[in-house]
Amino acid sequence: MDELKLSEIKKEINKDRRAFIKNVLNGTIAGSLLMVIPAGAMEFSEQIPGMKEETGLFIEKKKFAYVVDITRCIGCGSCCVADKSEFKVPDGHYRTWVERYIIDDHDNVYVDAPNGGLDGYTEPREDVPNPVRDTFFVPKLCNMCEKPSCAQVCPVGATFKTKDGFILVDHKRCVGCSYCVQACPYSARFIHPETKTADKCTWCYHRIRKGLLPACVSVCPVHARKFGDLNDKKSEVYKLLREPHVISVLKPYMGNKPALHYLGLRREVV
Amino acid sequence: MKGLAETATAVAGYAFPNDFHVHWSLMIVLYPYITGIVAGAFFVSSLYYVFHWQRFKPVARFSLLFTLAFLACATLPLLNHLGHPERNFNMLLTPSPSSAMAGFGYIYALFGAMLTMQILFIYRKVLVEQKNQATGIMKIIYTILSMGSDNIGSKALALDQKVISFLSAVGLPVVCILSGYVGFLFGGIKANPLWTTPLMPVIFLLSGTISGFSGIIVFYLIIKRSKVDMDCLRGCIKFLWGFFILAFSFEMLEIGMHAYQSTHHWDALHELFWGPLYQSFWVYQVGVLSIIPFFILMGLNLVRLPDIMVKFFGFIASLMILCQVLFMRWNVVIGGQLMSKSEQGAVFFHPEWIEKEGIVPAIIIMILPIVILFVLSRVFPFWLPAESSTNSS
């Protein structure tokens, strides 16, 4: 009886070994193929699950959302560096920035964002006289509003909302009147000093169309910035927005209905 | 950020990083200022052409030419401000229907066409007479301006009068929309607590009215000097006082409303009015340039003063009100941008003298209407020597 069992176990182990070797070989062949066929193969990494390169005019059947987890952000500034590098953002202008909030034990709120947080918050603030009760960082970027004020006021339709929900700027049409800059409640826009046209964060629309995450999301070392498809019920953003978290948007009274959400948003945040 | 003229010079509190730039600077201060003068000057002409007040006849035609001269320059600050002025016609050719700004070109063009037609009909008889005396290039110009018609018979002139009355009557609401609409451009920006008030178009229209009346009084006194029609001047001063009371009251009511409501915006607005705007608003706009002209105008209207004093003080009060409205435009346009949308801080801003949207280009743009007015006077005489107060224009 025991001998029979032993032989069955050996048989099973041998079967697993064969399967293991088979899998290793398959993986090696696939890996080797990826190494010898570099033409864009690495780009189809599907950083956004289910999202492959989009060749059509708009991304179909997706509803994207961006979630910033304030409880995770450490204010390292990596996102700002990635953004500046991705878009060659001119000095003194910001497509994204990170604010530092400090609340003392007298409930005074101190906010700053030197150089938009680009250099990271490596030094503590020296001008807070009372003991600090709490401190946190708040990354800011375009809110991709469902009812965008910027697109509403643009006199020539250069700022427009795509069918897949992105607010973009056509630099070849923009007249540079700055009306959109005035209308954005979040000060996410600026006039590019070289192109003389309106500019702002696009959530890296060019990357998303290839199935890649926005640059700032992909570099965040603590996963404070999250991006995904709300139509994908397995996506993290879907779960976060469905589950009972403390989650809100900036300036909800403006009625712009942002697609940018904040996890753990504090009432002190402006 | 160095080298950018629109960059704020100092910051108090926390301002969003992109709010360090004052994108709408002097040019956008001048735009509503000039548009307001246009509306006010047209109102002066309407007192005669629409409401048939004979006492305003001496300045009626001049007011129309004054309106045209300023209207011709109303778009210059806008064009100078645009990052891509060469694309400005896109606003007319492919406008976005949801944008308040996209409508300006149409309203401007409509009013411009109506005003030009009104002036040409009013001057048709004069132009035909000038054409008959002129030679060379001037003859061609007069032929074009008189619309190719030499008929100045009583029937034709009576028809002209009907056209003039119609254009004046329709022009009045159009110019109200033109000036009020500029206020709407600001009032419609909900992101800015200083601008977003339904009172904004009313305030812009009223302040525009007083700047137009003041402009007419100042230039009428400068051009005519001792030959000023005192009855007309006193009438203008009376209207100026009345409209000034309305304009100033609404300006103060708006601040009072913000303070009384004390919404979450008030802290930021309070910081703004008692911070970067303290001097330009409380000291200049309210203190020096509103209180003093108010008492001067009250004295001129309630006390029977000698003509020379009416001329002198009327001139001073009008000049001060012209400055008051300019300060009001500055405080609204620039002031609204000095308060960061973080509502936690304010920035300070001083314009440069020589740069694209600096003080020197602003002065040039404000001198241009006067140059245009001078050129217009060569073709369209402001005052005709043979004209008596009983004749119809």
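One residue stands out in region A:40-76 among those that are more than 17 Å from A:Cys204 (Cα to Cα) and modelled with pLDDT of 95 or more: the one that is nearest to the chain's Cα centre (by Cα), namely A:Asp69. Residues in region B:86-106 that are more than 7 Å from chain A (Cβ to nearest Cβ) and either in a helix (DSSP H, G or I) or under 25 Å from the mean Cα position of the chain (by Cα) (or both): B:Glu86, B:Phe89, B:Leu92, B:Leu93, B:Gly103, B:Phe104, B:Gly105, B:Tyr106.
Answer with yes or no whether A:Tyr253 is more than 28 Å from B:Lys341 (Cα to Cα) and surrounded by fewer than 19 Cβ atoms within 10 Å (Cβ to Cβ). Here the answer is no, as A:Tyr253 does not meet what is asked. Checking each residue in region B:10-64 for being aromatic (Phe, Trp, Tyr), within 14 Å of another protein chain (Cβ to nearest Cβ) and either without any contact (Cβ under 8 Å) to a residue 40 or more places away in the chain or out of contact with any Pro (no Cβ under 6 Å at 6 or more places or on another chain) (or both) picks out B:Tyr14, B:Phe16, B:Phe20, B:Trp24.
Of all the residues in region B:86-114, those that are hydrophobic (A, V, I, L, M, F, W, C), farther than 22 Å from A:Lys161 by Cα and without any contact (Cβ under 8 Å) to a residue 24 or more places away in the chain number 3. If only residues of region B:315-347 that are among the hydroxyl-bearing types (Ser, Thr, Tyr) and buried (at least 24 other Cβ atoms within 10 Å of the Cβ) are counted, the one that is farthest from the chain's Cα centre (by Cα) is B:Ser340.
From the list B:Ala102, B:Ala60, B:Ala109, the lone residue that is within 30 Å of A:Cys180 (Cα to Cα), buried (at least 19 other Cβ atoms within 10 Å of the Cβ) and small (Gly, Ala, Ser) is B:Ala102. Does B:Gly215 satisfy the criteria of being modelled with pLDDT of 95 or more, crowded, with 22+ Cβ neighbours inside 10 Å and either touching a Pro at 6+ places or on another chain (Cβ under 6 Å) or under 24 Å from B:Trp274 (Cβ atoms) (or both)? No: the conditions fail for B:Gly215.
Restricting region A:83-95 to residues that are buried (at least 20 other Cβ atoms within 10 Å of the Cβ) and more than 10 Å from chain B (Cβ to nearest Cβ) leaves a set whose member that is nearest to A:Ser218 (Cα to Cα) is A:Asp83. For region A:192-216, filtering for residues that are in contact (Cβ under 8 Å) with a residue 24 or more places away in the chain and within 14 Å of another protein chain (Cβ to nearest Cβ) leaves 9.
Quick one: is B:Phe281 surrounded by 15 or more Cβ atoms within 10 Å (Cβ to Cβ) and under 22 Å from B:Asn192 (Cα atoms)? So B:Phe281 fits the description; yes. For region A:185-209, a residue qualifies if it is surrounded by 21 or more Cβ atoms within 10 Å (Cβ to Cβ) and not in a loop (DSSP other than H, G, I, E, B), and the qualifying residues are A:Phe190, A:Ile191, A:Ala198, A:Asp199, A:Ile208. Residues that are among the hydroxyl-bearing types (Ser, Thr, Tyr) and at the interface with chain B (Cβ under 7 Å from one of its Cβ atoms) were ranked within region A:159-185; the one that is farthest from B:Gly83 (Cα to Cα) is A:Tyr179.
Just so you know, in region B:65-85 the residues that are in contact (Cβ under 8 Å) with a residue 12 or more places away in the chain and of a type in the set (Gly, Ala, Ser) include one that is farthest from the other protein chains (Cβ to nearest Cβ), and it is B:Ala69.
For region B:43-53, does any single residue satisfy the condition of being aliphatic (A, V, I, L, M), buried (at least 24 other Cβ atoms within 10 Å of the Cβ), touching a helix residue (DSSP H, G or I) at 6+ places or on another chain (Cβ under 7 Å) and farther than 19 Å from B:Val182 by Cα? Break it down into steps so the answer makes sense when it comes.
Let us first name the residues in region B:43-53 that are aliphatic (A, V, I, L, M), namely B:44, B:47, B:50.
Adding the requirement that they be buried (at least 24 other Cβ atoms within 10 Å of the Cβ) leaves B:44.
Checking the rest, the ones that are also touching a helix residue (DSSP H, G or I) at 6+ places or on another chain (Cβ under 7 Å) come to B:44.
Filter once more, so that each one left must be farther than 19 Å from B:Val182 by Cα: B:44.
The answer is yes, given that some residue of region B:43-53 is aliphatic (A, V, I, L, M), buried (at least 24 other Cβ atoms within 10 Å of the Cβ), touching a helix residue (DSSP H, G or I) at 6+ places or on another chain (Cβ under 7 Å) and farther than 19 Å from B:Val182 by Cα.
Among the residues of region B:115-129, are any free of Cβ contacts under 8 Å to residues at least 40 places away in the same chain, more than 11 Å from chain A (Cβ to nearest Cβ) and among the acidic types (Asp, Glu)? Checking region B:115-129: at least one residue is free of Cβ contacts under 8 Å to residues at least 40 places away in the same chain, more than 11 Å from chain A (Cβ to nearest Cβ) and among the acidic types (Asp, Glu).
Please go through region A:105-124 and pick out each residue that is within 12 Å of chain B (Cβ to nearest Cβ) and not polar (S, T, N, Q). A:Val109, A:Tyr110, A:Val111, A:Asp112, A:Ala113, A:Pro114, A:Gly116, A:Gly117, A:Leu118, listed by residue number.
Summed over region A:201-215, the residues that are in contact with a helix residue (DSSP H, G or I) (Cβ under 7 Å, 6 or more places away or on another chain) and among the basic types (Lys, Arg) give a count of 2.
Of the residues A:Val128, A:Val138, the single one that is touching a residue at least 60 places away in the same chain (Cβ under 8 Å), closer than 18 Å to B:Gln344 by Cα and among the hydrophobic types (A, V, I, L, M, F, W, C) is A:Val138. For region A:129-139, the count of residues that are buried (at least 20 other Cβ atoms within 10 Å of the Cβ) and among the hydroxyl-bearing types (Ser, Thr, Tyr) is zero. On the phi < 0 side of the Ramachandran plot, out of contact with any Gly (no Cβ under 9 Å at 6 or more places or on another chain) and either modelled with pLDDT under 95 or at the interface with chain B (Cβ under 7 Å from one of its Cβ atoms) (or both): which single residue out of A:Val132, A:Val156 fits that description? Just one listed residue meets the conditions, A:Val156.
The condition of being in contact with a Phe, Trp or Tyr (Cβ under 8 Å, 6 or more places away or on another chain) and of a type in the set (Val, Ile, Thr) holds for only one of B:Thr116, B:Thr143, B:Thr67, that being B:Thr67.
The values are calculated or read from the model by the stated rules, or taken from the named source; none is laboratory data. What you see is a predicted model; the values in this text were computed from it and never measured. Positions of Cβ are generated from backbone atoms using ideal geometry, with glycine treated the same way; all protein chains shown enter the neighbour counts.
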